[in-house]
Each structure stands twice: as structure tokens, then as C-alpha cells.
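The values are calculated or read from the model by the stated rules, or taken from the named source; none is laboratory data. Everything quoted here is computed from the prediction, not taken from an experiment. When we count neighbours, we look across all protein chains shown, and the Cβ atoms used for this are built from the backbone with ideal geometry, even at glycine. For the accessible areas, the whole protein counts, side chains as well, though only heavy atoms, and no ligand, DNA or RNA atoms are used. Shrake-Rupley method; radii C 1.70, N 1.55, O 1.52, S 1.80 Å.
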Amino acid sequence: SWRGAGEAGMTPYYEDEAVTIFLGDCREILPTLGPVDLVLTDPPYGVSGAQNTKTAKNRGGRKNDYLSVVDSVELVRTVVVPTFTIALEKSNGRGIVTPGNKCLTLYPMPAAFGCFYQPASVGLQPWGRADGQPILYYGKSPHGGTGLPSQSCSWVLTEAPEQNGHPCPKPFVAWKRLVACGSVAGETIIDPFMGSGTTLRAAKDLGRKAIGIEIEERYCEIAAKRMAQEVLFP
């Protein structure tokens, strides 16, 4: 079911048998939700600042198209990390986050570490190409015991994300790997920084349930349309 536009709050913006989407501030919505099995999220990276690219000039110098928040280091420190910590409490400590490079050290100490290695690179750092995106793992893997030796924590990433109207969509196959790595069929995943809903779509296709929270309605609408499609990627 799909609510009308312009209604933010605790009532789901979209809901079906597997997925629930909330429109609003994750700091307000997250504490009202019950327990989940995994938090999996790709939050803001803290990379704002004056941008000289053509795309940024079209956005008035902004790094991305978000109008309600500025993707700054301060946002990561005061909003993103505390919210992720609250989400971890909901999931009994099991979580996966892709924090970006700049604010990596602001997050709590993880239980394990991996990365997406991107041979084509995605930018420059003071010491060279930014060709690796970190992945932080928290808590215990659901594939413990004999399942761990065969499980990867890192992958080569050459997949281009689908351009769906969100400024930073996630590559779908890569996110299916993270969903499969961090959960088992039937479990519930939460993404408090949902964006265009890639975590939720991957979860639904893999037989999980998922909850997403997004502060901007236009991205909730993109995600809801993706969720309304049939399961296409078994």
C-alpha cells in the first residue's frame, strides 16, 4: 500500500508483505521501532564543501541533491554515527556500514573489516587514488561455524549503479552480496539512511524483510516504485 504524498511521520509511506518505508527523520522514527536482525546502511560520507564540477555548479555548489541536510563531517559526527549506534542496539549489535573514507574513524570499532576494491577508482585522496571503499562489520556473522571460512569480507567492484534519480545510488549486485553476507532468509534488515532503497530491494529479492527510513520524499517515491515491482532477481 502507498500513502499520499506529503505525509511524514510514524505511519509507513509504503508497505507490503516484505518492506516498510518511513518518510521522516531517522532520529525520530528509529526509537519507535522494534528489534531487527541486521542494520545495513550506506550513510552520508561527510564530503561536502565547495565543488567546482559542472554537476556541482548546477546544484549551487552542493556535493549532492539533498536539500534538507548538508553532507558534512559534523553531520556524520552528530547525526549519522549516533543514529547508526541506536540502530545497532535494535539489531543486537549485528551491522554492516559503508562509511566512506573521510569519516571512517568516527565510527565505533568494528568486529571485522572489508572493502570494495574499485580498479577504475572513484576519485583522489592526498596519497593517491581512492580505489577502495571500506566496509565495517559489527557483531557476529549469522553464518558462523563452518560457514565463515568460505565467506568473503571484500569484493572487487566494477558494477555501475543504476541511475534512478538519486544522487548516489548503490550498485545492486554488490548490495545483494552485503545482504546475503549479513543475514539469512526470513530475517529483518533496517536501513536508516535508505536513499533510493537499494538495501530494501536486495533484501526483498533475497527473501528477507526490510525497513527503510528516508528524510526526502522524492527518494521515498523512487524507493516505493522499486519495491512495488515484482521480485525480479532470485
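Things worth noting here:
- Just so you know, in the range 10-45 the residues that are under 12 Å from Ile215 (Cβ atoms) and open to solvent by 40 Å² or more (accessible area, probe 1.4 Å) include one that is nearest to the chain's Cα centre (by Cα), and it is Arg27.
- Residue in the range 80-103 that is out of contact with any Asp or Glu (no Cβ under 8 Å at 6 or more places or on another chain), part of a helix (DSSP H, G or I), buried (at least 18 other Cβ atoms within 10 Å of the Cβ) and aromatic (Phe, Trp, Tyr) present: yes
- The set of residues in the range 194-210 that are touching a strand residue (DSSP E or B) at 6+ places or on another chain (Cβ under 7 Å) and either in a loop (DSSP other than H, G, I, E, B) or open to solvent by less than 10 Å² (accessible area, probe 1.4 Å) (or both) comprises Met194, Gly195, Gly197, Thr199, Leu200, Ala203, Arg208, Ala210.
- The lone exception for Phe172 - which of (1) open to solvent by less than 10 Å² (accessible area, probe 1.4 Å); (2) within 19 Å of Leu38 (Cβ to Cβ) it fails: (1)
- For beta carbons closer than 7 Å, sequence separation of 6+ or different chains, a first residue in the range 112-123 that is without any contact (Cβ under 8 Å) to a residue 12 or more places away in the chain and a second that is open to solvent by less than 50 Å² (accessible area, probe 1.4 Å) and aliphatic (A, V, I, L, M), the qualifying pairs are Ser121/Ala130; Val122/Ala130; Gly123/Ala130.
- Residue in the range 121-141 that is surrounded by fewer than 18 Cβ atoms within 10 Å (Cβ to Cβ), at pLDDT 95 or above and not in a loop (DSSP other than H, G, I, E, B) present: yes
- Subset of the range 219-234 that is part of a helix (DSSP H, G or I) and farther than 22 Å from Thr83 by Cα - its residue that is modelled with the lowest pLDDT: Ala228
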